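No value in this document is a laboratory result; all are computed from the given coordinates. Since this is a predicted model, take the numbers as computed values, not measurements. Glycine also receives a Cβ, built like all others from the backbone with ideal geometry; neighbour counts cover every protein chain displayed.
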Amino acid sequence: MSAPILRIEDLRVALPAWSDRPLAVDGVSLAIARNEILCVVGESGSGKSVMAKAVLGLLPAPHVRVVGGAIHFEGRDLLRAEEEEMREVRGGRISMIFQEPMVALNPLMKVGAQTDEIFRVHTDLDAPARRQRVVELFSDVHLPDPERIPDSYPHELSGGQRQRVMIAMALALEPALIIADEPTTALDVTTQAQILTLLKELQGRHGTAVLFITHDFGVVAEVADRVVVMRNGRLVETGATGEVLRAPQADYTKALVAAVPSLHPRHASAPDQPAPALALRGLNKVYGGRAGLFGGPGRRVHAVRDVDLEVPRGRSVALVGESGSGKSTLARCVVGLERADGGDIRLDGENIAGFSRRQLKPYRHLVQMVFQDPFASLNPRHRVGDIIALGPTLRGTPKREAWDRARELLGMVGLQPEAVGRYPHEFSGGQRQRIGIARALAMEPALILADEPVSALDVSVQKQVLDLLDDLRQSLGLSMLFITHDLRVAAHVCEEIAVMRHGAIVERGPTSEIFADPRHEYTRQLLDSVPGKGWEH
Amino acid sequence: MTGLRLLRYIVRRLLQAVPVILGVTVLCFLLLQLAPGDLAEVLAGESGGASAEYIQDLRARYGLDKPVLVQLGVYVKNVIFFDLGFSFRHSANVSDLLLERMMPTLLLMGTTLVLSVGVGALSGLFAAIWVRTWRDHIISLGAIVAYATPLFWVGLMLILVFSVWLDWFPTSGMENVVMFHEGWDRVVDIAHHLVLPAITLSLFYLALYARLMRATMLEQRGLDYVTTAKAKGLTERQITFRHVLRNALLPVVTMAGVQVGALLGGSVVVESVFAWPGLGQLAFEALFSRDFNLLLGIFFISACLVVFVNIVVDVIYVLLDPRIRVDE
C-alpha cells in the first residue's frame with residue numbers, strides 16, 4: 001500500500017449527554033491510500049456518518065464534538081486546523097457526496113449556479129471560464145445535454161441526475177479525497193448501478209481516494225478495495241474486500257454477511273395451483289385528466305395499466321418495480337384506498353372493484369397492509385394493545401377478547417405479551433414492524449399486502465422480520481403480495497415474481513425461472529443492476 | 001416562455017377573482033339585512049322622531065320598501081357596471097368617497113406592510129445569526145412583548161409618550177391642514193403624521209415575522225443543503241445570504257398575504273385612535289349611521305384589495321420558488 005493520504009488515529013467523538021451512549025465514534029483508526037476505495041460498513045447508529053463528518057469538521061456543534069484523536073491529511077491535523085484553513089480543504093481538497101440528492105441541493109438555486117459556487121469560492125476564474133468548467137464537469141458525469149442542464153432547478157431533474165450533479169460538484173476541483181455518505185441508498189436499483197459505475201470510472205480516471213459509507217454489502221462487493229466494519233462506534237474488522245466478504249473473522253461481520261438475502265431463488269413448494277386469494281384482471285388506474293375550471297386539460301398519468309395478477313392461496317408473490325412503476329398505486333387499489341378505473345379485483349372470488357365504501361366494509365378485513373415506515377405507521381398516542389385490538393373491536397369483538405388476542409399475537413410475532421400496555425416509541429424499528437404485522441394479523445385477513453416492509457430496516461433486523469413473515473405464512477397458511485424494489489428480498493421470500501414497469505406488468509412467473517432465464521429486457525436489466533451479484537456467500 | 005405562462009396565470013387568476021368578489025358582495029349585502037334598523041329610522045331618529053307615514057315615505061324614496069331580493073338584484077347589477085350607489089349621509093357618490101379615502105388607507109397599509117415585513121424579517125435574520133446570545137434574547141423578548149400587547153393600547157401609549165410628553169409627533173390627522181403645505185413640505189408633513197399610526201399597526205406583525213423568520217432560518221440551517229454548502233467551503237455569511245435567506249423568506253411572504261386582509265380590520269381601530277382620514281374610519285362612521293350603500297362599497301373595495309394582494313403574493317411566490325408550477 002502506498003503512503004496513505006488520509007490517516008485517522010484513535011478518533012473519539014462525544015454525543016450529547018442525553019444520548020444512549022457517550023461516544024458516537026470510539027477510538028477509530030484507519031487510513032486510505034491514493035486511488036483506493038475504502039468502504040465503511042455498519043448498521044444505523046454505528047457512527048460511520050459521524051466519523052465521515054468529523055473529517056470535514058461538519059459535526060453539528062456544540063452537541064456532537066470531537067474529544068480525542070487526530071486526522072492527518074496532507075501534512076496537517078484537520079482537527080487542529082483553523083476555520084479558514086478548513087474552508088480551503090472543504091470542497092477543494094476533500095469533497096463530499098450525500099445520501100439524498102434532493103435535500104442536499106438548495107431547491108431554489110439552479111444546479112449550475114450551485115456548482116459554479118465552488119469555483120467562485122476557491123478560484124479566480126471569470127464567469128465564462130467557470131461556466132465552461134461547469135459544462136465540462138456535467139458532461140464528465142454523463143449528464144444529458146450538459147449545456148442546458150446547468151440552468152435547471154433540482155426538482156426538474158431525476159434522482160439519478162441530481163446525484164450526478166452532486167458528484168460533479170464533488171469532482172469540481174479535483175480533490176484528493178471524496179467522502180461518499182450512502183450516495184446510492186435513496187436511488188432505484190438500476191440508477192444505483194449506473195451511479196456506482198460512474199463513481200468507479202471517475203475515481204479510476206482521476207486517481208482520487210474514496211471513503212465510501214454504506215450499509216449494503218452488495219454495494220461493498222461492487223465497489224470496495226478494502227472494507228472497514230463498524231459497530232457502536234468501534235472498528236470490528238478491517239481487511240481486503242474479497243477476504244472480509246468470503247471469510248469474515250469477527251462474529252458480528254459473520255452475522256451481518258449471513259443476513260444479506262442471497263440471490264438464490266426460492267423454489268415453489270408445490271406445482272399445483274390452489275385457488276387464488278387475490279386475482280386482478282385488466283386493472284387500470286388513471287390519475288388526473290379532468291379539465292380545471294378555467295384551465296386546459298390536466299396531466300393524465302396512467303399509473304396502472306391492464307394488470308393481470310394472481311396470488312394463489314398460501315403463496316407469496318413479489319411485485320418488483322422501481323419508484324414510479326405503479327406498484328404502490330396497485331396496492332392502494334387492492335386495499336380499497338383508491339377506486340380502480342376499470343378491471344376486476346377478486347378477493348376470495350368476490351369482485352370488489354367499483355364497490356362503494358359501504359359495500360366494501362364487509363371485505364375490508366380480508367386485505368391487511370404492512371407498511372414501509374414502522375415509525376410513521378403506528379399512532380404514537382395509542383398503546384400497542386389499542387393499535388392491535390382496534391380493528392377487531394370495530395368489527396364487534398368484545399374489547400377484553402380483542403386484548404387477549406392482541407397478547408397472543410404479540411407472542412406470535414416474538415414480542416412480550418406485556419407489550420400491549422406500552423407505546424410505540426418504546427420499541428426499535430424492527431420491533432415496531434413486528435407490531436405492524438400483529439396488527440395486520442388481528443383482522444384475520446385472507447391476504448397480507450406488505451409494501452416494502454423491510455426497506456427501512458437494518459440488514460440484520462431485516463432478516464429477522466423476513467423470517468418471521470415466512471414462518472407466519474407457513475403456520476397460518478397466509479397469502480401475501482410482497483411489494484419490493486429489492487430483488488434479493490424478493491428471491492428470499494417469494495415463490496413467484498411479477499416485474500412492474502410504467503404501470504404494466506412486463507414479466508411474471510416462478511422466481512426460479514425468472515432468475516434463471518429472464519425473458520423481458522427490463523427484468524434482465526434489473527437483475528444485472530443488483531449490487532454484488534457476482535458475490536456469493 | 002415562462003413570462004408568457006406567468007401572464008396567462010395572472011389573467012386566469014383575475015378571471016377567477018370576479019365570482020369571488022361578487023360572492024362576497026352578495027354575502028355582505030345579505031348580512032347587513034340582518035342588522036336591526038335602517039337608514040330611514042336613523043334619519044327619523046336624528047330629526048327627533050317622526051310619524052310612521054314619514055318613515056314609510058323615506059323608505060320608498062330610498063328604495064328600501066322593495067323585497068330584499070329585488071334590492072340585491074339592483075345592487076349587484078349596479079356593482080357590475082361599477083356603480084356603487086349614493087351615500088345619503090354624505091350626499092356624495094360612494095365611488096367618489098371611496099376614492100378620496102382610499103389613498104390615506106393605502107398609504108398607511110403600504111407603509112405598515114413595508115415596515116413590518118422589512119424590519120420583522122431583518123430582526124428575525126439577525127436573531128438567527130446571533131442565536132442564543134444576548135442580542136438574540138433582546139430581539140426575541142421584544143418580539144414577544146410586541147406580540148402580546150393589544151393594538152389600541154399601543155396606539156394610546158405611543159400618543160401619550162411621543163405626542164403628549166415628548167411632543168415629537170402630532171397626535172392625530174394626516175396633515176396639518178392650516179399650514180397649506182405644498183410639494184416636499186407636504187410629503188414631509190404627511191410622513192411625520194404617518195409615523196405613529198404605522199408603528200402601531202405594524203408592531204404585531206413585525207413581531208410575528210421576526211419570530212417566524214428566526215424559526216425558519218434556524219430550521220433551514222439544519223437542512224442537508226446547508227451541510228452541502230459548508231462542505232463546498234463556503235463561509236457562514238455566504239451560506240446565510242446565498243442559500244438560507246431566500247428559503248427562509250417563503251413562509252414570511254405567505255404570512256404577508258394573510259396580513260393584508262387583517263390590516264384592513266386593524267386599520268379601523270388605528271384610524272379611529274389617530275383620526276386618520278381613511279377607509280377604516282369611514283367604515284366605522286357608515287356602520288353607525290346605517291349608511292349601507294357606503295358600507296357595502298367599502299366591503300367591495302376591501303374584497304377587491306384582498307383578492308388583488310393575494311394574486312400579487314402568489315406571483316411573488318412563483319418568482320421566489322421555482323418548484324411552484326403555474327400551468328396547473
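Some notes on this structure:
- Other protein chain Cβ atoms within 10 Å, averaged over every residue that makes up A:115-127: 2
- Residue-averaged beta-carbon neighbours from other chains (10 angstrom radius) around A:106-114: 5
- Amide hydrogen proximity for residue A:24: with H placed 1.01 Å from N in the peptide plane, the residues at 5 or more positions away or on another chain lying under 5 Å are A:13, A:14, A:15.
- Per-pair calculated FRET efficiency, R0 = 45 Å: residue B:165 and residue B:4 via Cβ, rounded to 0.05: 0.20
- Cβ-Cβ FRET estimate between residue A:444 and residue A:306, R0 fixed at 22 Å, reported to 0.05: 0.10
- For chain B, a Gaussian network of Cα nodes joined below 10 Å ranks B:166, B:30, B:99 by mean-square fluctuation, and the top entry is B:166.
- Over segment A:436-523, the fraction of Cα-Cα pairs per 10 Å bin, rounded to whole percents and listed from the shortest bin up, is 15, 47, 32, 7, 0.
- Mean projection area, nm², convex hull over Cα of segment A:57-113: 5.5 nm²
- A compact globular protein would have a Cα radius of gyration near 2.2 N^0.38 Å; the ratio found for segment A:209-260 is 1.03.
- Projecting label points 7 angstrom from Cα along Cα→Cβ for residue B:324 and residue A:148 puts them 2.6 nm apart.
- Per-residue average of Cβ from other chains inside 10 Å of A:82-91: 3
- Stretchable slack from residue A:359 to residue A:249, in nm (0.36 nm times residue separation minus alpha-carbon distance): 33.7 nm
- Distance between the pseudo-spin-label points of residue A:113 and residue B:15 (7 Å out from Cα toward the beta carbon): 3.2 nm.
- Of B:129, B:55, B:311, the residue with the greatest mean-square motion in the GNM of chain B, using alpha carbon springs below 10 Å, is B:55.
- Placing dummy labels 7 Å off each Cα toward the beta-carbon, the span from residue B:83 to residue B:53 is 3.2 nm.
- The residue list A:113, A:139, A:166 was ranked by how far each Cα lies along the charge dipole of segment A:103-166 toward its positive end, using unit charges on Cβ atoms, and A:166 comes out on top.
- Chain A - share of DSSP beta bridges that are antiparallel (%, nearest 5): 55 percent
- Computed Kirkwood radius, in angstrom, where 1/r is averaged over Cα pairs of segment B:1-131: 19.4 Å
- Residue A:239 long-range amide H proximity, modeled H, under 5 Å: A:227
- Per residue, chain A reaches -10500 deg cm²/dmol at 222 nm when only DSSP H runs of four or more residues are counted, each adding -39500 (n - 2.57).
- Note: chain B, Cα convex hull, 196 Å³ per residue.
- Computed from the C-beta positions of residue B:184 and residue B:241 and an R0 of 51 Å, the FRET efficiency is 0.90 to the nearest 0.05.
- Selected from B:207, B:286, B:262 as most flexible by GNM, with chain B as the system and alpha-carbon contacts under 10 Å: B:262
- If only the Cβ of Lys and Arg carry +1 and only the Cβ of Asp and Glu carry -1, the dipole of the protein assembly as shown around its Cα centre is close to 960 debye.
- Altogether, the Stokes-Einstein calculation at 25 °C and 0.890 mPa s, with the Kirkwood radius of the protein assembly as shown over Cα pairs as Rh, returns a diffusion coefficient of 75 µm²/s.
- Within chain B, helix-based [θ] at 222 nm, where runs of 4 or more DSSP H residues each add -39,500 (n - 2.57), nearest 500: -25000 deg cm²/dmol
- The antiparallel fraction among DSSP beta bridges confined to segment A:424-537 stands at about 55%.
- Summarising the amide proton neighbourhood of residue A:106: residues at separation of 5 or more, or on other chains, whose placed amide H is nearer than 5 Å comprise an empty set.
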